[in-house]
1. Filter the stretch 245-300 down to residues that are away from the ligand (no atom under 16 Å from the Cβ) and of a type outside the set (A, V, I, L, M, F, W, C), then give me how many there are.
2. Restricting the stretch 266-283 to residues that are of a type outside the set (A, V, I, L, M) and more than 12 Å from Cys293 (Cα to Cα), which is nearest to the chain's Cα centre (by Cα)?
3. Checking the condition surrounded by fewer than 21 Cβ atoms within 10 Å (Cβ to Cβ), under 18 Å from the mean Cα position of the chain (by Cα) and of a type in the set (D, E, K, R), which residue from Arg397, Arg391 passes?
4. What helices (runs of 4 or more DSSP H) lie completely within the stretch 172-258 and have 1 or more residues being in contact with an Asp or Glu (Cβ under 9 Å, 6 or more places away or on another chain) and modelled with pLDDT of 90 or more?
5. Pick out the one residue from Leu237, Leu170, Leu243 that is under 30 Å from Phe96 (Cα atoms), more than 18 Å from the chain's Cα centre (by Cα) and of a type outside the set (Ser, Thr, Tyr).
6. If you go through the stretch 77-93 one residue at a time, how many are β-branched (Val, Ile, Thr) and farther than 23 Å from Gly242 by Cβ?
7. The conditions are (1) within 12 Å of the ligand (Cβ to nearest atom); (2) within 23 Å of Ala81 (Cβ to Cβ), and Ser415 fails exactly one of them. Which is it?
8. Output the residues belonging to the stretch 362-378 that are without any contact (Cβ under 8 Å) to a residue 60 or more places away in the chain and either more than 15 Å from Cys325 (Cα to Cα) or among the polar types (S, T, N, Q) (or both).
Amino acid sequence: MRKKHKRPWGVFVAIVLAAIFGTWAGKDATIFGISLYSVFDVLGTVFLNALRLVVVPLVASSIITGIARMGNESEFGRLGAKTFAFYIGTSLLAIFIGLFFVNLIQPGVGFNMADGSRPMATSDQVAAIGAKIASHDGQAIVNVLLQIVPLNIIDAFGKGQMLGIIFFCLLFGFAISKIESSTSSILQGFFQGVFQAMIRVTHVIMRFLPYGVFCLIAKVFMTTGLGSLSSVALFTLTVLIGLGTFLFIGLPLLLKFVGRVKPIRHFKAMAPALVTAFSTSSSSATLPITIDCVEKRAGVSNRICSLVVPLGTSINMSGSALYECVAAMFIAQVYGIEISFVTQFLIVLMSLVTSIGVAGIPSASLVAVLVILKVIGLPEEGIGFFIAVDRLLDMCRTTVNVFSDSCCAVLVARSEGEKGVLSKEIVSDFDA
Ligand code: ASP
């Protein structure tokens, strides 16, 4: 009998308790003279590192095993085309949802710039982000392209450059499928073993999920109280309504009518990955748990999961794309700048392009928003209005990013005729 998966209630409780505790304790709380914030910071980082530790070997072995089994160019091309079509399609859908709500709610119109309580960033903060875009400015796509084919694969592995690793592993897996069968099966067996071992390591790390989540969330709430959201309440509301519409209506409709699966089952299957994304604000760090949930809990084959999920974590950021579009429009509204139809179109396009270049790490979208503001010619210091609340919104958009990748895996698997995906048997395995 297979082992039952546990329900992630412990993690939900950890999130709520951490939010209450963090807000109550504040940043200056101490225990036996030691700063509680530092304690949570260290423990949270240890948990994050443990997750990051697994990413490279897990992704590499997963892709190599999946592709080596495929071994057919046309099959690979077909899966790749479906994956890209889904990613572009859902990111555009997310951006248009954001654009609709930002035009409807108009959070920036009437925003009181003279209100001293608003969360303005210090000029240092804006300058620090500005410095980061020096390497991104107008180059987001060029940088992505350059990363795809790395100069040195060991260097790419060492630095965790996912696009380069994915590209190399695709080629390597493909090559394995083409060599003599006796040698090929040795290599396939080896990488299959690495993959299974890394999944077991992920399970061990997941046992600490509630504690890791508690530390990370408590840390956020110690510095960013919910009160700070009130000064940009309408902006926050617009982002949350947009993300919520995409997450709870847009994607479930696709699952139901295109994938012909029950969306609620998919939410249940992905719950551990979603809470991890929410508390880490990093889709990259969440990747091991996303792969585990998509394969073991949603029942998508390794052949499809290994291609779709790592690629999605690198280039499909639907939640971030929505956020970037709303943020740019909000700043234009705050400064009373008329946004023509053509400029809105440009913002949509820029949100799509920069979201592809955004890394799966915390606050990466802030850099992308600055790039958009620069290209459109909007005041860059406007980003200061929401820097202070970015982390809380980042938690939400990262959750959406991860769920969107997993939906793509389900839809591609269903289009390939995989019948077991989110089937009653698979779900009852962790529902009981
Ligand atoms: N934190 C997001 C992620 O990891 C990226 C962003 O800042 O939007 O998916």
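The values are calculated or read from the model by the stated rules, or taken from the named source; none is laboratory data. This structure is a prediction, so every number in the text was calculated from the model and none was measured. We place every Cβ from the backbone using ideal geometry, glycine too, and count neighbours over all the protein chains shown.
1. Summing the residues that are away from the ligand (no atom under 16 Å from the Cβ) and of a type outside the set (A, V, I, L, M, F, W, C) in the stretch 245-300 gives 17.
2. The qualifying residue nearest to the chain's Cα centre (by Cα) is Ser283.
3. From the options Arg397, Arg391, the qualifying one is Arg391.
4. The helices (runs of 4 or more DSSP H) meeting that bar are 209-223.
5. When all the criteria are applied, what remains is Leu237.
6. Start the filter on the stretch 77-93 by keeping residues that are β-branched (Val, Ile, Thr), which leaves 83, 88, 90.
Those still in the list that are farther than 23 Å from Gly242 by Cβ too: 83.
The qualifying residues number 1.
7. Failed condition: (1).
8. Of all residues in the stretch 362-378, those without any contact (Cβ under 8 Å) to a residue 60 or more places away in the chain come to 364-365, 369, 372-373, 376-378.
Within the stretch 362-378, just Ser365 meets the criteria.
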